[in-house]
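The values are calculated or read from the model by the stated rules, or taken from the named source; none is laboratory data. Because the structure is a prediction, the values reported are computed rather than measured. We place every Cβ from the backbone using ideal geometry, glycine too, and count neighbours over all the protein chains shown. Quick note on the areas: whole protein, heavy atoms, side chains included, nothing else; ligands and nucleic acids left out. Shrake-Rupley method; radii C 1.70, N 1.55, O 1.52, S 1.80 Å.
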Amino acid sequence: MKRFSTIFFVALALHATAQEWVETTKFNRQIVLDNKGLLGYAEFVWGRDVKDSKLLVPYQFTFATDFDDAGHAVVQKNGKVGMIDTLGRFVVPAEYDYVYSFSNGYAKVYKDGKFGAVNTSGKLVVPLEYDFLSPFKKGGRTNAVKGNKWGVIDGKNNVIHPFNYPMTITDDKNYTNAFEKEWGWLDPSGNRVF
């Protein structure tokens, strides 16, 4: 019985490891480095040496991340950061100091000390004028900081809750926990509910 339980737990561990491997190699891409220090992406095949892998995205980047679940990777080219798809096409142009992963249809971008956001087409829809942006919520809203005051904006840069709070926290249903003299909840229209 002891031998059976040991085999069972080893098999269970291998199964869990195999599931993790499948998830992390969803797009079968691996970051590869050439002899000049540039990065690209090659086909990932379990057990195959990198040098025998097919190059899928040419060596051209000085920084590269793995692909996220949507098939996007943050890359740096010529000193600027953008985001590519699994074929190496830029979905967010390489013109920023940093680009964050997409969250509910928007990716935060950072340039010259200010935050903004792009949509899934790579178009700048929230201008680079904020000191901070949190990830976008399901309702298409984000907490933003401007001049040390917090407020809430949407993906079209409409101000939902004005910038008069020391801090705001917005949820996926567009309710906002805002701090004035004490914490209180604002409904999606900005009315204090408690």
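Quick one: net charge of ASP171's neighbours, Cβ under 13 Å, K/R +1, D/E -1? Walk me through the numbers on the way to the answer.
Details: positive: LYS137, LYS138, ARG141, LYS173; negative: ASP172, ASP187.
Around ASP171, the charge tally is +2.
Just check the range 112-185 against the gyration tensor rule for me: Cα atoms, a ≥ b ≥ c as the square roots of the eigenvalues, rounded for a/c under 1.5, and otherwise prolate or oblate depending on whether a/b exceeds b/c.
Numbers: a/c = 2.62, a/b = 1.43, b/c = 1.84.
Note, shape of the range 112-185 comes out oblate.
Ignoring any ligand, DNA or RNA, what whole percent of the accessible area of the range 104-194 comes from carbon and sulfur when the probe is 1.4 angstrom?
In the range 104-194, the share of accessible area belonging to carbon and sulfur is 50 percent.
If the limit is 27 Å between Cα atoms, which of LYS51/LYS123; LYS77/LYS114; LYS54/LYS114 go over it? Kindly include the intermediate steps, with their values, before the conclusion.
Details: LYS51/LYS123 37 Å; LYS77/LYS114 20 Å; LYS54/LYS114 39 Å.
Violating the 27 Å Cα-Cα cut-off are LYS51/LYS123; LYS54/LYS114.
Find how many whole Å separate the alpha carbon centroid of the range 34-87 from the alpha carbon centroid of the range 132-180.
34
Report ³J(HN,Hα) in whole Hz for each residue of the range 28-43, in order, from the Karplus equation J = 6.51 cos²θ - 1.76 cosθ + 1.60 where θ = phi - 60°; Gly and Pro get x.
6, 10, 9, 6, 10, 10, 8, 6, 9, x, 9, 9, x, 10, 10, 4
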